[in-house]
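Take a look at the structure set out below.
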Ligand code: ADP
Ligand code: TRP
C-alpha cells in the first residue's frame, strides 16, 4: 500500500480552498493508501507568536478534518509538535540542503522582493524558521516514507525541494533510504479562486470559510467580483470565479447545465451566484453541523490527536533509528 501524507498549518480559519485543494483529495486518497495527516503547528510558529491563537487554530483545523470525515482509526492523525523525531530528521537534512536551494523558495523570495521594493534591508523580518521552512516540510514528508502528498499547486515547489534533498541524501549513502515523494493535485482544484479572483488564501483575506453560517455564506458569495457584462450577454465560464468555484462542488451534470446557461446569455451574475450558493450550502451544511458539534468538545479532539501522535512517534522512531545507523551516529 502506498503512503499518503499532508499537513495544514493552524493559521486562520479553514476555507473552501483548503477543502478542495488539500482536505477532500487527501480523504479520497485515504481510501486506497495508508494515510498520515497532521497539524503543522511548528510551521505556524514562523508567522504566529500568539499561543492562544495557535491552540485555538489547532483545534479548529483538527475539527475541520474530522468533520469532513477523517476516521482517526484508519488515518494516522497527529500534531507535528508531538512527533519530535521530525526535528531530528530536519537537522540531518540540513546537512544535505544547499543554501542556494532555500534562496530560491517562493515564500522567501517574495519577502525579499517586498523588502527591496520598500527600500528595506533584503532580509528584514525574515526569521530562520521561514528561511528553512522547506527543510522542516521535507522532514515531515520523508520521515514517513511518503509516496503521495496531496496539496494545492502553491506547495509544489516545496515537494520538489523535498525530492532534491532526499536524492542528495540517497546519492551520498548509495541507496534509496529516503522515499522520493510525489505531489498530487487535480487540474481543476490546483488553485481555487477567492472572492476577488486571486488565489483563495488567508493571506489575501478573500476566503470563504468552510464553516461560515448560512447567512454569512450567502453574503460572501454575493461579494464575488464579476465583470460589468449585461444580463443578455453570453458569458465565458472559463474566466469566471463563480463558475470556477461552482464546478468543484456541483455534479458533472449541474456543471454542464450551468456552462450552457453562461454561453446562452440571459443570465445575470446574481442568478449565477444564487446557483453557487445553493450547491455550496447543500454541500457544506452537513459538514458545518458536524463541525459545530466537534468543536464544542475540545477535550475529545485533543485526545484523538494525542493518541495519533503516540502511534506516529513509534513509526518515526523506527525510521530515525535506521537513519542514525546510515549516517553513523548510532
Ligand atoms: P492559505 O494559502 O490560505 O494560507 P495554507 O497555506 O494553510 O492556506 O494551505 C493549506 C493547504 O490548502 C495546502 O495544501 C494548500 O495547497 C491548500 N490550499 C490553500 N489555498 C488553496 C487554494 N486556493 N486552492 C487550492 N488549494 C489550496
Ligand atoms: N507547507 C504547507 C502549507 O503551507 C503545510 C505543510 C507542512 C505540509 N508540512 C507539510 C503539507 C508536509 C504537506 C506535507 O500549506
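In the chain, the calculated helix contribution to ellipticity at 222 nm averages -16500 deg cm²/dmol per residue, counting -39,500 (n - 2.57) for every DSSP H run with n ≥ 4.
With viscosity 1.567 mPa s and temperature 4 °C, the Kirkwood radius over alpha carbon pairs of the stretch 279-318 converts through Stokes-Einstein to a diffusion coefficient of 106 µm²/s. Two numbers describe the Cα atoms of the stretch 1-156: Rg and Dmax, which are 16.2, 52 Å. For the stretch 238-291, dividing the convex hull volume of the Cα atoms by the residue count gives 75 Å³ per residue. So if we plug the beta-carbon distance of residue 299 and residue 1 into 1/(1 + (r/R0)^6) with R0 = 30 Å, what FRET efficiency do we get, rounded to 0.05? E(calc), rounded to 0.05, equals 0.40.
Each 10 Å bin from zero up to the one holding the largest Cα-Cα distance in the stretch 110-174 carries the following percent of pairs: 18, 39, 27, 14, 2. Between residue 56 and residue 127, the contour length at 0.36 nm per residue exceeds the alpha carbon distance by 23.2 nm. Based only on Cα atoms, what mean projected area does the convex hull of the stretch 77-138 have, in nm²? So the mean shadow area of the Cα hull is 5.0 nm².
When both the stretch 29-68 and the stretch 202-265 are represented by their alpha-carbon centers, they are found 28 Å apart. Normalised by the number of residues in the stretch 156-207, the mean separation of alpha-carbon contacts (under 8 Å, six or more apart) gives a relative contact order of 23 percent. Relative to the dominant Cα principal axis of the chain, helix 106-117 is inclined by about 70°.
Per residue, the convex hull spanned by the alpha carbons of the stretch 137-211 comes to 105 Å³. Using a simple spin-label model with pseudo-atoms 7 Å out from Cα toward Cβ, residue 215 and residue 330 lie 6.4 nm apart. Which FRET efficiency, nearest 0.05, do residue 282 and residue 173 yield, Cβ-Cβ r, R0 56 Å? Between residue 282 and residue 173 the formula returns 0.60. Could you give the angle, 0 to 90 degrees to the nearest 10, between helix 85-94's Cα long axis and the longest principal axis of the Cα atoms of the chain? Approximately 80 degrees, to the nearest ten. Fewest neighbouring Cβ atoms within 10 Å first, the residues 327, 295, 39 line up as 327, 295, 39. Relative to the longest principal axis of the Cα atoms of the chain, the long axis of helix 269-295 lies at roughly 40 degrees. Ranking of 215, 53 by neighbouring Cβ atoms within 10 Å, starting from the fewest: 215, 53. Return P(r) of the stretch 203-280 (all Cα-Cα pairs; 5 Å bins starting at 0; whole %; ordered from short to long distances). Computed distribution, short to long bins: 3, 15, 28, 25, 17, 9, 3, 0.
Note on the chain: percent of Cα-Cα distances in each 20 Å bin, starting at 0 and stopping at the bin with the largest distance, equals 29, 54, 16, 1.
Subtracting the Cα-Cα distance of residue 107 and residue 157 from 0.36 nm times their residue separation leaves 17.0 nm of extension gain.
Quick note: the coordinates plus some simple rules give every number you see, no bench work behind them. On a predicted model such as this, the values are computed, not experimentally measured, just so you know. Positions of Cβ are backbone-derived with ideal geometry, glycine not excepted, and every protein chain shown enters the neighbour counts.
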